[in-house]
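See structure below.
Read the figures in this text as sums done on the coordinates, not as results from a lab. These figures come from a predicted structure and were not determined experimentally. Here Cβ is always computed from backbone atoms with ideal geometry, including for glycine, and neighbour counts include all displayed protein chains.
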Amino acid sequence: MVNYGFVIDNRTCIGCHACTVACKSEHDVPIGVNRTHVKYIETGTYPDSSREFSVHRCNHCEDAPCTTICPTYALFTREDGIVDFDNDRCIGCKSCMQACPYDALYIDPNEGTAAKCNYCAHRVEHSYEPACVIVCPTESIVSGDLDDPHSPISLRIAENEVKVRKPEAGTKPNVYYVETSDEMLDPAATEVTGVGMWTDQAHGVGHFAKYADSRLAEADTPSMLVQLALEKKAKAANPRDRAIIHDVMSKLDEETTKATRSYDQPSKGILWDTEVAAYIATKAAASGLYILYWLSLFLFPDWHSMIGIETVAATGLVLLGVTGILLIKDLDRPDRFLYVLLRPNWSSWLVIGAYFLTGFGVVLTAHIAIVLLGLDSTLHPLLAGFGTILALLTGTYTGWLLKQAKGRSSWANKSDLQILATGVLEMAFFGIITILCVPLLVLLAETAIAGNLVEQDVVNTLVPVTILIVALNYGFWHIREGLRKAQMDPLL
């Protein structure tokens, strides 16, 4: 069986971008995103300095995390080892972008669907080589069958020292680099400098692209000006001042990294932001409210006089409804949101979580139906057993979804116990706030309906509710800042 891969020979790459241009032309890739691109880094200090070029793209991993996390099988591994994608199945959830340790995927700003290098599968199927291989003037890009020991790519690997990017990720990448430096392969080894193509997009791509003018990185121009000014001043200064200036310049040199990233594509920025943070909070509130209701009822049997199961169920359904709206809003193809249920990839926690949410919603609806239809109230405790389990799963599943995002080390390295503990804490925090707010608002509404509402009742209700809402907002901000922090580490 064929197993396709690439070899990138850094000894001969001249950084001409012919591969990038050929790829964009072959696949009609929109402006602002690339399937393949060239990264430049510079090491040393003039005149003992050097520049290195390297081509980056999808690594067509044997254990591709993007195919595991994709909820609709839009990304899949072919029998020939090529990791391909299907535009017609993609919902634009961006989970594949979070899962890829190599930042190889992007959201097509025109289609709202994920895309990446697909090894020019349409060319390979007709015995042609990928477009980037054809145009490379120095033959620095080699493609072929990795499982054939006599193929040019296998011989190149056998005869040279090769490295792969991020082997610790466990993805088994099929793109090999000949005699490349560790600084080139390690995203944390170089700093991003300059403007334009070197600039981060603070809020990502896809439906966040409109925020691209808000930048996270700034040009290194000020320090360059300081350096030039010091050099000019040193020429005309007296010996004592020259010594001081020399010490200052030496200090600046010590603070400068040995390798700098001088040319690269823009970072895709923050992909999961406000909507994701908000839906984590709303589903935690719904599930936490439900579990705390039954727990409180067990510990304090008279508590049902303050709030009934129908109120808890109705509030939970509203919160789940808001959760669903936020989930759909975060998609770049919201018109396809049902694909998660209709075309499910059961290895994805996004799919598993969608079914947990649906099941929990069914239980809450059943509680309301029991009340409206006047059925035996003993059915509520029977439902509570299933409902509590589904509520717990609903409140915690996002942690395992984030764990599937291998590109984000702070998520991927969490243990199951840490994930469970975090989910329980979120449910407890948001559940307590909700279970305190709901009786107050219900009491206020009943008083208003009865016509006995006075100004003092409003004050006595709204003041504590406002305090609780402020606490709720704090919890939301905390979650969002955690999401943002995890997405700030460079992947390229």
Query raised in the report: Where does the charge balance sit around C23 when Lys and Arg score +1, Asp and Glu -1, over other residues with C-beta under 9 Å from its C-beta?
Result: +2
Query raised in the report: Relative contact order, percent, of the range 274-486 when contacts are C-alpha pairs under 8 Å separated by at least 6 residues?
Result: 31
Query raised in the report: What is the magnitude of the charge dipole of the range 274-486 about its Cα centre, with +1 placed on the Cβ of each Lys and Arg, -1 on the Cβ of each Asp and Glu, and no other charges, expressed in debye to the nearest 20?
Result: 1120
Requested in this report: State the extension gain, in nm to one decimal, for the chain segment bounded by I467 and D376, taking 0.36 nm per residue of separation less the distance between their alpha-carbons.
Outcome: 28.9 nm
Query - Residues of the range 168-186 with amide N under 14 Å of the 7 Å Cα→Cβ point at S415 - result: none
Query raised in the report: When the Cα centres of the range 259-288 and the range 30-99 are compared, how far apart do they sit, in Å?
Result: 18
Query raised in the report: Counting Lys +1, Arg +1, Asp -1, Glu -1, what net charge surrounds S410 among other residues with beta carbon under 11 Å of its beta carbon?
Result: +3
Query raised in the report: Quick one: which of K163/K403; K166/K283; K94/K414; K116/K172; K94/K403 span more than 23 angstrom between C-alpha atoms?
Result: K163/K403; K166/K283
Requested in this report: Could you grab the relative contact order for the range 8-62? Cα pairs under 8 Å, six or more apart, rounded to a whole percent.
Outcome: 35
Query raised in the report: Counting Lys and Arg as +1 and Asp and Glu as -1, what is the net charge of the other residues whose Cβ lies under 12 Å from the Cβ of F6?
Result: 0
Query raised in the report: With point charges of +1 on the Cβ of Lys and Arg and -1 on the Cβ of Asp and Glu, referenced to the Cα centre of the range 274-486, which listed residue (A277, V351, T396) lies farthest in the positive direction of the dipole?
Result: V351
Query - Euclidean distance between Cα centres, the range 419-436 to the range 337-412, Å - result: 16
